[in-house]
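Below: the structure, in structure tokens.
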């Protein structure tokens, strides 16, 4: 899969404008989307990306990525960095993914690795409240709230468990459904895929399969992801 616009090109203008850097509380638990609000990503997400890239590819790689970014984003990530609760244009995260792919010579697999690494970092640290080892039902129930920590005005997430996921059951099955996520690119969907994998593993699951059954591409208004796992 590739972004609808090639890696290295700017995101469409409609994603790059119409929003100011701002502070604010996370959106409601189900996510937040309204026609009056431009798609935004939290400062937490951008900081997580930078930490994860450093862990995976080293500090020199991050420095090279930052040097190639558009000036507003490079300045925001510069001295002092962004506050976690800041809300920024979602195009900034798209730029980070595309620039990291160019610098490293990687493809979309890097975005999935970054999503995995970042989620492991966050859910083992300050956001460990959202997962309980040995009980996947907790992270399934709280997944929409986790999504709203990172994205605002970018769509809604709903998770539906379809099989046993707690107690003595040895298997689990669930569907995650995102709606109104037209601002997402292939890179961001691969990041979500890695994030889902990490969240399930931190809940004690052994992921058997994890794949998009609908959407999961740049501009998809509806995306569904099916997950199956074992707990023994």
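The values are calculated or read from the model by the stated rules, or taken from the named source; none is laboratory data. Keep in mind it's a predicted model, so treat the numbers as computed, not measured. Heads up, the Cβs are rebuilt from the backbone with ideal geometry, glycines too, and the neighbour counts pull from every protein chain shown.
Some notes on this structure:
- Residue selected from segment 98-121 under the condition surrounded by 24 or more Cβ atoms within 10 Å (Cβ to Cβ) and within 23 Å of residue 210 (Cα to Cα), by the criterion nearest to the chain's Cα centre (by Cα): 115
- Residue in segment 152-160 that is surrounded by fewer than 16 Cβ atoms within 10 Å (Cβ to Cβ) and over 19 Å from residue 89 (Cα atoms) present: yes
- Residues that are at negative phi, crowded, with 17+ Cβ neighbours inside 10 Å and part of a helix (DSSP H, G or I) are absent from segment 171-184.
- Selected residue (only one of 120, 141 is out of contact with any helix residue (DSSP H, G or I) (no Cβ under 7 Å at 6 or more places or on another chain) and either without any contact (Cβ under 8 Å) to a residue 24 or more places away in the chain or closer than 13 Å to residue 203 by Cα (or both)): 141
- In segment 116-131, the qualifying residues are those that are farther than 17 Å from residue 159 by Cα and in a loop (DSSP other than H, G, I, E, B), and the one that is modelled with the highest pLDDT is 124.
Conditions (1) closer than 27 Å to residue 143 by Cα; (2) without any contact (Cβ under 8 Å) to a residue 40 or more places away in the chain; (3) not in a helix (DSSP H, G or I), marked per residue:
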position	(1), (2), (3)
53	yes, no, no
63	no, yes, no
73	no, yes, no
98	yes, no, no
103	no, no, no
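- Residue in segment 190-220 that is modelled with the lowest pLDDT, counting only those that are part of a helix (DSSP H, G or I) and farther than 15 Å from residue 142 by Cβ: 201
- Test for residue 149: is it within 24 Å of residue 213 (Cβ to Cβ) and in a helix (DSSP H, G or I): no
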